[in-house]
Amino acid sequence: MKIAIIGGGPAGLMAAEAACAAGVEVDLYDAMASVGRKFLLAGKGGLNLTHAEPAEKFLARYGTRRAQLEPLLASFGPAELRAWAAGLGIKTFEGSSGRVFPKDLKAAPLLRAWIRRLRQAGVRFHMRHRWSGWDEQGALCFTTAEGRSSVQADAAVLALGGGSWPKLGSDASWVPLLAGRGLRIAPLQPANCGFDVGWSEHFRTKFAGHPVKSVAIIMRSQAGAESWHPGEFVITETGVEGGVIYAVSASLRDEILAKGEATLRLDLAPDRDVPRLAHDLARPRGKRTMATHLQRQAHIEGVKAGLLREVVSKEDFADPARLAAAIKSLPLRLVAARPLAEAISTAGGVPFDALDKRLMIRSLPGLFCAGEMLDWEAPTGGYLLTACFATGKAAGAGAAAWLNKKGTSEAVSRLKTED
């Protein structure tokens, strides 16, 4: 019995490992020249494998898909992922924020050790094989440098990523192939993405590329409850991106889809309240410029002062109470999410209600899905990788279990026929 794994990212590699461990022959195919391209790029600034926060808080990061992912993460969650890395000889540590990294912070040593172990276990790798669907006999088709190739497999796991980072292989070319087989695909959308604001030429020219640190984003739910998200972000040529923006990007994206725009509220002085700011700003500034007054009385300077100038009217700027209120809740109008190809990850994809508990597509027996192809999303911080590993393991083990059960059923049927 043979399983074809299509896609060589973390989900595909983990599916290969799980299927191989179950005693099934495994061939892994990838369109790129080597596996793990996006994995390596994500680890350039320090590979954030998972997160060490309490289970309840960790699971809450998966939002509306928590129920579907929770049983998979229960089998292979943060603790199991760290133990698995240790089995590859990669020690991990917990940072001050709770994020978990390899001790040397690098992705390449882990990937090399992993590939070496998979090869030793018997996994066969086929690079520069781009999946292009099925032929008339139902075999898997691949486009290669030598031309079109057909492969017979008893089951297949698709782990082709979402639609972000197309240059690294996640180009969503699988969407029309599955849709052509009658599968409904939730529209792919950018996740952990930046947004367009529409800066003035003056602000864009002066501040694009500048980080905005020690701020908080104030979000309001549909029920009216406010949540406070501290962090930092970066001003871009077109708008904003980075850490704290990614943390709330799903809500902002959905608001733009529903209303055509979204309003982001920034607290530029998280360590001060409005009365104190208003009191300090009301002090006489004498011959000092407003810029100097802001810096001295409110510790607002540089890009933060630029943001105030960009948004606040001259009249409000001259009123200490209104200026203090603006510093604590500066409205920033977002007009669009950045394109999917620029996003860190993808929302949308194969819906869970089309899959059984082993992640097999019910309408296409023997075809399993894992990773970012599935319709879920999570913020950065180790949550994305953890769920990719967990779904890959579930799909690989599920495919092997399905094949073994199928083989047993066929053997029983043959025996009955012979009797």
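Could you grab me the full set of residues in region 179-191 that are out of contact with any Ser or Thr (no Cβ under 9 Å at 6 or more places or on another chain) and either in a loop (DSSP other than H, G, I, E, B) or closer than 26 Å to Val335 by Cα (or both)? Spell out the reasoning first.
Within region 179-191, the first condition is being out of contact with any Ser or Thr (no Cβ under 9 Å at 6 or more places or on another chain), and the residues that meet it are 179-180, 184-187.
Within region 179-191, Gly180, Arg184, Ile185, Ala186, Pro187 meet the criteria.
Restricting to region 247-306, what's the tally of residues that are of a type outside the set (Asp, Glu) and under 34 Å from the mean Cα position of the chain (by Cα)?
Let us first name the residues in region 247-306 that are of a type outside the set (Asp, Glu), namely 247-253, 256-260, 262-266, 268-270, 272, 274-279, 281-300, 302-306.
After this cut, where a residue has to be under 34 Å from the mean Cα position of the chain (by Cα) as well, the list is 247-253, 256-260, 262-266, 268-270, 272, 300, 302-306.
Residues in region 247-306 being of a type outside the set (Asp, Glu) and under 34 Å from the mean Cα position of the chain (by Cα): 27 in total.
Name the residue, out of Leu323, Leu332, Leu385, that is hydrophobic (A, V, I, L, M, F, W, C) and either in the same structural domain as Ala179 (by TED's automatic domain parsing) or over 30 Å from Gln297 (Cβ atoms) (or both). Please lay out each step first, then the result.
On the way: Leu323 fails: either in the same structural domain as Ala179 (by TED's automatic domain parsing) or over 30 Å from Gln297 (Cβ atoms) (or both); Leu332 fails: either in the same structural domain as Ala179 (by TED's automatic domain parsing) or over 30 Å from Gln297 (Cβ atoms) (or both).
Unique residue meeting the criteria: Leu385.
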Do we find a residue being modelled with pLDDT of 95 or more, of a type in the set (Lys, Arg) and farther than 14 Å from Asp27 by Cβ anywhere in region 140-149? no
Can you tell me how many residues within region 116-166 are in contact with a helix residue (DSSP H, G or I) (Cβ under 7 Å, 6 or more places away or on another chain) and of a type in the set (S, T, N, Q)? 1
Region 153-203, residues that are more than 27 Å from the chain's Cα centre (by Cα) and without any contact (Cβ under 8 Å) to a residue 60 or more places away in the chain: Glu201, His202
Failed condition for Ser249, given (1) without any contact (Cβ under 8 Å) to a residue 40 or more places away in the chain; (2) hydroxyl-bearing (Ser, Thr, Tyr); (3) closer than 16 Å to Asp196 by Cα: (1)
Across region 148-173, what is the total count of residues that are surrounded by fewer than 20 Cβ atoms within 10 Å (Cβ to Cβ) and touching a strand residue (DSSP E or B) at 6+ places or on another chain (Cβ under 8 Å)? 7
Can you tell me which residue among Val350, Val303 is more than 21 Å from Gly243 (Cβ to Cβ) and touching a strand residue (DSSP E or B) at 6+ places or on another chain (Cβ under 8 Å)? Val350
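Do we find that Pro176 is in a helix (DSSP H, G or I), exposed (fewer than 13 other Cβ atoms within 10 Å of the Cβ) and either outside the structural domain of Ser97 (by TED's automatic domain parsing) or modelled with pLDDT of 95 or more (or both) in this structure? Steps first, please.
On the way: in a helix (DSSP H, G or I): yes; exposed (fewer than 13 other Cβ atoms within 10 Å of the Cβ): yes; either outside the structural domain of Ser97 (by TED's automatic domain parsing) or modelled with pLDDT of 95 or more (or both): yes.
Judged against the criteria, Pro176 is a match.
Yes/no per residue for (1) of a type in the set (A, V, I, L, M); (2) in contact with a strand residue (DSSP E or B) (Cβ under 9 Å, 6 or more places away or on another chain):
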site	(1), (2)
Ala107	yes, no
Ile115	yes, yes
Gly122	no, yes
His126	no, yes
Gly138	no, no
Glu146	no, no
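The values are calculated or read from the model by the stated rules, or taken from the named source; none is laboratory data. Predicted model only: the values in this text are computed from it and were never measured. Because the Cβ atoms are built from the backbone with ideal geometry, glycine has one as well, and the counts that use them run over all protein chains shown.
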